[in-house]
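The values are calculated or read from the model by the stated rules, or taken from the named source; none is laboratory data. What you are looking at is a predicted structure, and each value in this text was computed from that prediction instead of being measured. Glycine gets a Cβ as well: all are built from the backbone with ideal geometry, and neighbour counts include every protein chain shown. These accessible areas exclude ligands, DNA and RNA; they are computed on the full protein's heavy atoms, side chains included. Shrake-Rupley method; radii C 1.70, N 1.55, O 1.52, S 1.80 Å.
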Amino acid sequence: MPDRAAAILVFVLAIGFALSPFATGGFAGFRPDQFPVPQINAPVQPAGYAFALWGLIYLWLIFGAGFGAILRVAASDWRRVRLPLMVSLGIGIFWIPVAQVNVLWATVMIWAMLAGAIWALLRAHYRDRVWLEGPIGLYAGWLTAASSVALGLVLAGYGILGAQAAAIAMIGLALVITLAVLVIRPGTPSYGFGVGWALVGVIMRNLETSNMAVITLCVAGLAAIAIVTWRGARALSRT
């Protein structure tokens, strides 16, 4: 695909992705009755306010894609991220309507969105950190948490694991993915922030029930993300 067409398509997909909540009524977590075992106050799910981060993600992706379509049409570092970003955003446009009716397919889709977002992030150059790395990193970070939350709800909601075991296992999985990404691509604070925001939301949810096991895991995860991000930034500053 020609560079200009690809850049414009990413911009259009980013806008379509941002408009999806308005066309579908939005999304603030799966409903308890969407599972054979209703998930009421599931410990793996962040508090509802955490989903407000999507507003920033949508706007930043649009402005970043617009910057690329106007000022970085033929830049090789932008070209590398366009295909995986197209895949992720293209799936994302249809995610909310699917999530409203089918949890299993929505979970498959959000993991595919995550794969595309991380693929794009790992291919992004450190140039244009505000408009390229920043929005992709925040998007990928939130998706890292959200995909693990979705899988945790499926595991508990279909009786494969108890709600507490599913929460601990999936938060642990999210942290493994996060730390691996931050080691492979050091000094990417927007990615760490996206995951960290979700972890704070999980902490707030579990404070209501004094679930110290989940709270402790999230606090330890936040500390690990901060340390690895800081070390990565220091390593980059020396190069």
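Restricting to Cα pairs below 8 Å that are 6+ residues apart, what does the relative contact order work out to for region 181-239? Please round to a whole percent.
Taking the mean separation of contacting Cα pairs over the length of region 181-239, I get 54 percent.
Could you list which residues have their amide H under 5 Å from that of Gln45, counting only those 5 or more apart in sequence or on another chain, with H placed in the peptide plane?
Close amide H contacts, sequence-distant or interchain: none at all.
Using only the alpha-carbon atoms, how far is helix 53-71 inclined from the longest principal axis of the chain? Give it as 0 to 90 degrees, nearest 10.
Roughly 10 degrees between the two axes.
If you place +1 on the Cβ of every Lys and Arg, -1 on the Cβ of every Asp and Glu, and leave all else neutral, what size is the dipole of the chain about its Cα centre, to the nearest 20 Debye?
720 debye
Per the Kirkwood treatment, what hydrodynamic radius in Å, one decimal, follows for region 103-233 from the mean inverse distance over all distinct Cα pairs?
One decimal place: 14.9 Å for the Kirkwood radius.
Taking the dipole about the Cα centre of the chain, with the C-beta of Lys and Arg at +1 and of Asp and Glu at -1, give me whichever of Gly68, Thr209, Leu153 is farthest to the positive side.
Gly68
Mean separation of Cα pairs under 8 Å and 6+ residues apart, divided by the residue count of the chain: what relative contact order is that in percent?
Over the chain, the number comes to 24 percent.
With angles folded into 0 to 90 degrees, how steeply does helix 134-157 sit against the dominant principal axis of the chain? Use alpha carbons for both and round to 10.
So the helix axis and the longest Cα principal axis differ by about 30 degrees.
May I ask you to give the solvent-accessible area per residue for the chain, in square angstrom, as obtained with a 1.4 angstrom probe?
With the other protein chains kept in place, the chain gives 44 Å² per residue.
Between Met204 and Val12, what length comes free when the chain is fully extended (0.36 nm per residue of separation minus the Cα-Cα distance, one decimal in nm)?
65.6 nm is the gain from fully extending Met204 to Val12.
FRET efficiency for Tyr126 and Trp105, Cβ-Cβ distance as r, R0 = 45 Å, nearest 0.05?
Once rounded, the FRET efficiency stands at 0.80.
Here are labelled values, [x] 19.8; [y] 20.8; [z] 18.1, and one is the computed Kirkwood radius over Cα pairs in Å for what I pasted. Which one?
[z]
Do you know the relative contact order of region 97-179, to the nearest whole percent, from alpha carbon pairs under 8 angstrom that are 6+ apart?
The normalised contact order for region 97-179 reaches 25 percent.
Compute the long axis of helix 163-184 from its Cα atoms, compare it with the longest principal axis of the Cα atoms of the chain, and write down the angle in degrees, 0 to 90, nearest 10.
Between helix and principal axis, roughly 20 degrees.
Ordering Thr229, Thr144 by accessible area with a probe of 1.4 Å, largest first, what comes out?
Thr229, Thr144
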